[in-house]
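Structure, as structure tokens:
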Amino acid sequence: MATPAQNIDLNKTPSGSTLLEGTSLWKDAWQRLRKNKAAVVCGFIVLFLIIACAIGPQLLDWIFGYTFEAQDLEYGAKGPTLAPFHPFGTDFFGRDLLTRVLVGGRISLKVGLIAASVAAIVGTIYGAVSGFFGGKIDDGMMRFVDVLYALPYMFLVIILVTIFEKSESLLFVALGLVGWLTTARIVRGQVLSLKEQDFIQAARSIGARSHSIIFRHLIPNTLGPVIVYFTLTVPTMILQEAFLSFLGLGIQPPNPSLGTLMNDGANQMLVYWWTIVFPGIFMSLLLFSLNFLGDGVRDALDPKMRKG
Amino acid sequence: MNKNSVVSLVLLSSFLGACSFDSTDYFGTTVPKHKANEVWLNNRSEPQWIDPNKANGVPDGHIARNIFARLTQIHPITSQPVPDLAEKWEISEDGTKYTFYIRESKWSDGQTITAHDFERSWKRLLNPATASVYASLGLVVKDSSPFFNRAVHVKGFAENIDVDALIEVLKEGQEIRIDKASDHAGLYVYIEDNDQRRSFIETYNGALVNGQELEAAITDSSVVKAYALDDKRFYVELEDPVLYFLSLIEFSIFAPVPEQALVRAKNETGNEDNWTRPEYIICSAAHCLSEEKFRQYKIFIKNPYYWDAKNTRSDIIKIQMVEKETTSVNFYRSGEYEWIGPGELPTEYTDTLKQYKDYHNDPYLGIYTYIYNVEKEPFTDPNVRKALSLAVDRDKITTHVVTAGQQPASDVVPDGLTGYKSGERKMYDPEEARRLLSEAGYPNGQGFPKVEFKYNTQDTHRLIAEAVQQMWKTNLNIDVELTNVEWRVYLDDQINGNFDITRQGWIGDFPDPYTFLDLYMSYSGNNHTRWVNHKYDSLVQEANRTADYDVRNKIFSEAVDILMADAPVLPIYIYTRSYLKKPFLKGFYKDYQDHHSWKYMWIDDRWYNEIPTKEIDDTPKIGS
Amino acid sequence: MLKFILGRSFGMVITLFVIIFVSFFVIRFAKGSPFSQEREVPPEVLQDLQARYGFDKPMSTQFYNYMKNIVRGDLGLSTKYPQRTVNEIIAISLPKTMVLGFFALLWAVIVGVTAGVIGAVKQNTKWDYSAMSLAMVGISLPSFVLGPILILFFALYLLWFPAGGWGSAKHLVLPAITLGTIYAAYIARLTRGGMLEVIRANFIRTARAKGLKEKAVIWKHAFKGGILPVVTFLGPAVAHLMVGSVVVEKIFNTPGLGPYFVDAAFNRDYFLIMGIVIVYSAFLLVLNLLVDVIYGIIDPRIRYE
């Protein structure tokens, strides 16, 4: 099922006029973002988590010889210890949980970023085309979006997963599939107002082709809201992936993702509390900082909505 | 993240660590939440059918068995079939003819249960229009197969003619199966396709062939050799002397169904299937359905008309439908029911739950196997199959992954079944495995194609698969990809051979090696390995016709040797059933089929006040 | 207004038809049959099962028959629970889900709006930051983690509430909180954002200038305008809540409609999954229309074309 995030930020997108203020907009936004302490702190946390996910597993492999898949069945699930070095404990198979959380974070971040990108790209192009051509084409394309909106998301995903073989790329498709709808609506709204503006009329009058108007003039001018929505989609996608993995439709073992780790943890929390607590903290921290960062970006790009 | 949330998380984790489980001997509550004449149980899932003829699957059987009695019942202590609705029986010397004497017992509406009820119900079971999935178990009855398969019954010709010549004419040069009827002149023509069958009947009904005027029609139930001799005697003739017949007919599908309830439901709702709703249902066993809430609970009350009602210990049985494993453990712990229900405990919980006296562990008639698709490269090569099998450390799986006392298996038949002795085979030999693999052309796993292991989405399967995947990787240096598929896809892929390696659990239908060995017969619809060995087929068939247990088991062993030498299947372990049961629930006996009769169950009311120290007499009573 | 509603309703019927059409054929594409079993199902039995549900007829006939039945309000027979019609299953399950959804919504709106208003009124204070941080935690905590934690603490440790199931008001507390928390978090953020925007607007300044008390300004004027984004959000949110949550209802063993989204699809219970898709889609479409109508009532600036 779609989480609410996909339905909310419509009202908070910057108006077209803000975006047309010129190139200094990005500079201004950067200045504003830097002044937002919470966002900066969260940005650093995100950066730290990304770096940890990127190099952490290799480090652990070099120093301790841990990999995310090698099992030690005799050792089994044990709580956190420093010697042997298992600060997050080990899972049912005796695998180091820290390693698995970091690798899982890596996979989740990848899924989140790619799925959000798929959603952003597809949505932007779809929305721009729809808004630019208007009339019957617009009607038809938006009605299609309505249909997809009204379809139960789980149903779509299950059908996708059962028709095609399960794979990582399918997961991106399944996640991106619904994410693009909101982007498409936002961009269409922007384009509708943009295309009446003088510079578009000017481009038209000198005989620019449709696709060049769309890609050269319209899309670049809608990037602000798209970026805002993108940053807010990444954590949503990570959460969605976790949700799908919770139902066994996501990442396949032995590969961990935050979702599969949380699923295992939720099943085992009565007996091995650490299997839910550490992935839970890690995931919450990641989502928390990503969301705050996303808020910061939005406030920065849309001064009207700035806090205070 | 601010300081407060860090603090609260630390608190949470210490709380989780500290209070994970109670420190007493028992897991959760030890005082019943209800009156002493009630028993609360879990059924796990909402049943699909409680109509006994149609019941399939564990949640269905658990209910159907307890409200519809059969001719025999399994004694809870000796595990032998003993009389239930049949008072006694006579068996012919060759072991193929049974006469059951129906005892004086009544339906829950007060009508007498007669031999005619049995005849009607067995024929209903065998009627393909009933669409009972387990109906094929009834095919041991003589001449049931043409009725069940809607064969065309050709008759009307004189007994003294050349029947073989007639068969040749009917075949018209095509490959059609035609059997001669056993007792009177007649032929059964098996045609699967509806249209072809219809045109065959049109052609031959009333036609003059070889000077004989033929009658052709779809076989009706009158040919089936299971019928009432009178109100009290039910006669059954078998194709072969089936040694396990008295245990087989304890299966819920062989229960009689109340014609009067079916008719009423049909008249009042237009759908006969509604007869098992509380408004219409009529039962024949110790309890009967009185109230239900879809996917929540069902309440059963004592049936005073059951012949052995005086030995029914509890007046009310309430069963709940709690499906998710961890949720069911939570419910058990807070005292929502006394037994966690048929099925397994969450694998990861076993080690912890073992410490409590609620935890029980019974042997179970089932085997957990991995099967190879022998039609797919590289598993066409027996050496590859053997190499992979030898690289799996089954001891390690049963000591560290599934820890509920499962026995590592080197045979596809559980040891001790009707005196069968499981063969001793080398189960784990990585050296030999590597040798075999390089012999097959993949030294150190080099060049081994990418293969996939398929399992249905369930935690236990995943845990075992992850462990085995790692063993194959370490011992043979080959990568096997794990794919979990949902149940329906898993079944579809097995039927269509769309897998390289997959898991197959098999639960015996009756306590006999045949129920496990039938699985690898070349013609069996359940043989998903696609392995074909005619020597094996004929040995198993021969053994099944043998009336002497020792000889029979010897032949079975021979067949298993052939099977294991070719290794289309990798037996992993023999199942056990581990479960949680409240200490105050009595009359609950071990059963290798996980069948537990409600009629023996009762609540030890001493537990309302304190934890009693003395044991209490808990022997089951049947009859007088 | 009436014309607007009629026009939109017509569009909705078309949308619904497209959804039915697509779902009907797409679900049949999925691998697996509703009748397959771990044991081989004899071909004779399979034939009869398929005939019972009309699956032996050509797809076009099946769709025609299905549409005919839908118009008569008959959603067909379940394959998983063969004695029950889809209508009956939905009639049994949907009310429970709606009750749960209602309480989840109540929790979400009360907690969310309160937190949001506090955040806006006490902007940039400790109150604001903790309310918004909590909201962020709510958004970052998936229901399958929150649910088990609540069970562990309140049901198994403190024994205050049952671990799940259905029957009394007590049964509703934990699942409603689990289900409603993420919505509460979103509502809090939306309320705060909406109120902040309105508080800066001209008519509020006018109201203040007129000397109205701060409380009256906040509740009478700012609140009404600030709640608009929440209304937009509530439309689809109510639809989601009313048709249930797969995860929450599974964790708490709620006998509602939620688990069927997954289970019916997994069981290939064709008519049941179709019935659920139709109910869900209809809900969503109607609620979205309702939101637009309410929007018009709250905000007189909006005119219907």
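The values are calculated or read from the model by the stated rules, or taken from the named source; none is laboratory data. Note that the structure is predicted; figures quoted are calculated from it, not measured. Methodologically, a virtual Cβ is constructed for each residue, glycine included, from the backbone with ideal geometry; neighbour enumeration extends over all protein chains shown.
I want to confirm something. Restricting to region B:330-342 and keeping residues that are away from every other protein chain (no Cβ under 14 Å) and closer than 28 Å to C:TRP160 by Cα, which single residue is surrounded by the fewest Cβ atoms within 10 Å (Cβ to Cβ)? Lay out the reasoning, then the answer.
Step one: of region B:330-342, the residues away from every other protein chain (no Cβ under 14 Å) are B:338-339, B:342.
So of that shortlist, the ones also closer than 28 Å to C:TRP160 by Cα come out as B:338-339.
On the way: B:GLU338: 26, B:TRP339: 22.
So, considering only residues that are away from every other protein chain (no Cβ under 14 Å) and closer than 28 Å to C:TRP160 by Cα, the one surrounded by the fewest Cβ atoms within 10 Å (Cβ to Cβ) is B:TRP339.
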Of the residues in region A:234-272 that are more than 10 Å from chain B (Cβ to nearest Cβ), in contact (Cβ under 8 Å) with a residue 24 or more places away in the chain and of a type in the set (S, T, N, Q), the one that is surrounded by the most Cβ atoms within 10 Å (Cβ to Cβ) is A:SER257
Selection from region B:42-62 of residues surrounded by 24 or more Cβ atoms within 10 Å (Cβ to Cβ) and more than 22 Å from C:ILE92 (Cα to Cα) yields B:PRO52, B:ASN53, B:LYS54, B:ALA55, B:HIS62
Counting only residues that are closer than 22 Å to C:ILE14 by Cα, surrounded by fewer than 17 Cβ atoms within 10 Å (Cβ to Cβ) and more than 14 Å from chain C (Cβ to nearest Cβ), region A:127-149 contains a total of 4
| request: Check whether at least one residue in region A:99-110 is touching a Phe, Trp or Tyr at 6+ places or on another chain (Cβ under 7 Å), surrounded by 24 or more Cβ atoms within 10 Å (Cβ to Cβ), of a type outside the set (A, V, I, L, M) and in a strand (DSSP E or B), and report yes or no. | output: no
Check: Do we find a residue being within 12 Å of another protein chain (Cβ to nearest Cβ), in contact (Cβ under 8 Å) with a residue 60 or more places away in the chain, surrounded by 19 or more Cβ atoms within 10 Å (Cβ to Cβ) and part of a helix (DSSP H, G or I) anywhere in region C:155-165?
Finding: no
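Determine whether C:GLU88 is part of a loop (DSSP other than H, G, I, E, B) and either without any contact (Cβ under 8 Å) to a residue 40 or more places away in the chain or within 30 Å of B:GLY366 (Cα to Cα) (or both). Lay out the reasoning, then the answer.
Numbers: part of a loop (DSSP other than H, G, I, E, B): no; either without any contact (Cβ under 8 Å) to a residue 40 or more places away in the chain or within 30 Å of B:GLY366 (Cα to Cα) (or both): yes.
No.
Could you go through region C:94-111 and let me know if any residue there is more than 25 Å from C:ILE251 (Cβ to Cβ), in a helix (DSSP H, G or I) and away from every other protein chain (no Cβ under 13 Å).
No, the conditions are met nowhere in region C:94-111.
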Restricting region C:108-154 to residues that are under 16 Å from C:THR191 (Cβ atoms) and charged (D, E, K, R), the one modelled with the lowest pLDDT turns out to be C:LYS122
Counted residues in region B:441-462 being assigned to a helix (DSSP H, G or I) and either more than 11 Å from chain A (Cβ to nearest Cβ) or touching a residue at least 40 places away in the same chain (Cβ under 8 Å) (or both) come to 6
Against the condition touching a residue at least 24 places away in the same chain (Cβ under 8 Å) and surrounded by fewer than 21 Cβ atoms within 10 Å (Cβ to Cβ), how does B:ILE77 come out, does it pass? yes
_Quick check on B:LEU345: is it surrounded by 20 or more Cβ atoms within 10 Å (Cβ to Cβ), assigned to a loop (DSSP other than H, G, I, E, B), of a type in the set (A, V, I, L, M) and within 21 Å of the chain's Cα centre (by Cα)?_
yes
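Return yes or no: is C:ILE149 surrounded by fewer than 23 Cβ atoms within 10 Å (Cβ to Cβ), free of Cβ contacts under 8 Å to residues at least 12 places away in the same chain and either part of a helix (DSSP H, G or I) or on the phi < 0 side of the Ramachandran plot (or both)? Reasoning before the result, please.
On the way: surrounded by fewer than 23 Cβ atoms within 10 Å (Cβ to Cβ): yes; free of Cβ contacts under 8 Å to residues at least 12 places away in the same chain: yes; either part of a helix (DSSP H, G or I) or on the phi < 0 side of the Ramachandran plot (or both): yes.
So C:ILE149 passes the test.
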With criteria (1) within 15 Å of the chain's Cα centre (by Cα); (2) part of a helix (DSSP H, G or I); (3) within 24 Å of B:PRO304 (Cα to Cα), B:ASN66 comes up short on (1)
Selection over region C:166-205 where residues are part of a helix (DSSP H, G or I), out of contact with any Gly (no Cβ under 6 Å at 6 or more places or on another chain) and within 14 Å of chain B (Cβ to nearest Cβ) yields a count of 3
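Look at C:SER9 and say whether it is crowded, with 18+ Cβ neighbours inside 10 Å and under 31 Å from the mean Cα position of the chain (by Cα).
Values: crowded, with 18+ Cβ neighbours inside 10 Å: no; under 31 Å from the mean Cα position of the chain (by Cα): yes.
The answer is no for C:SER9.
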The correct count of residues that are hydroxyl-bearing (Ser, Thr, Tyr), within 28 Å of B:ASP395 (Cα to Cα) and in a helix (DSSP H, G or I) in region B:554-608 is 1
Those residues of region A:32-43 which are out of contact with any Gly (no Cβ under 8 Å at 6 or more places or on another chain), surrounded by 12 or more Cβ atoms within 10 Å (Cβ to Cβ) and either within 14 Å of chain B (Cβ to nearest Cβ) or in contact (Cβ under 8 Å) with a residue 40 or more places away in the chain (or both) amount to A:ARG32, A:VAL41
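Listed residues B:GLU323, B:GLU279, B:GLU272, B:GLU292; which is of a type in the set (D, E, K, R), more than 23 Å from B:LYS35 (Cα to Cα), out of contact with any helix residue (DSSP H, G or I) (no Cβ under 7 Å at 6 or more places or on another chain) and without any contact (Cβ under 8 Å) to a residue 24 or more places away in the chain? Before the answer, list the steps.
Numbers: B:GLU323 fails: without any contact (Cβ under 8 Å) to a residue 24 or more places away in the chain; B:GLU272 fails: out of contact with any helix residue (DSSP H, G or I) (no Cβ under 7 Å at 6 or more places or on another chain); B:GLU292 fails: more than 23 Å from B:LYS35 (Cα to Cα).
Within the list B:GLU323, B:GLU279, B:GLU272, B:GLU292, the selection yields B:GLU279.
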Of the residues in region B:394-423, those that are within 16 Å of B:THR369 (Cβ to Cβ) and part of a loop (DSSP other than H, G, I, E, B) come to B:VAL402, B:GLN406, B:ALA409, B:SER410, B:ASP411, B:VAL412, B:VAL413, B:PRO414, B:ASP415, B:SER422, B:GLY423
Screening C:ALA264, C:ALA282, C:ALA239 for residues that are at pLDDT 80 or above and under 12 Å from the mean Cα position of the chain (by Cα) leaves only C:ALA282
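Helices (runs of 4 or more DSSP H) wholly in region B:463-550 with at least 2 residues that are away from chain C (no Cβ under 14 Å) - which ones? Let's see the steps before the verdict.
On the way: elements: B:487-495, B:514-517, B:534-545.
Hits in region B:463-550: B:514-517, B:534-545.
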Expected output for region C:1-24 (first residue away from every other protein chain (no Cβ under 11 Å), partner assigned to a helix (DSSP H, G or I) and of a type in the set (Gly, Ala, Ser), Cβ below 9 Å, 6+ apart or cross-chain) is C:MET1/C:GLY296; C:PHE4/C:GLY296
Review point. Does C:LEU234 count as at pLDDT 80 or above, away from chain B (no Cβ under 14 Å) and closer than 28 Å to C:PHE283 by Cβ?
Key: yes
Only unsatisfied item for C:ARG72, checking (1) within 13 Å of chain B (Cβ to nearest Cβ); (2) free of Cβ contacts under 8 Å to residues at least 12 places away in the same chain, is (1)
Going through (1) closer than 30 Å to B:PRO81 by Cα; (2) touching a helix residue (DSSP H, G or I) at 6+ places or on another chain (Cβ under 9 Å); (3) surrounded by 14 or more Cβ atoms within 10 Å (Cβ to Cβ) one by one, B:ASP415 fails only at (2)
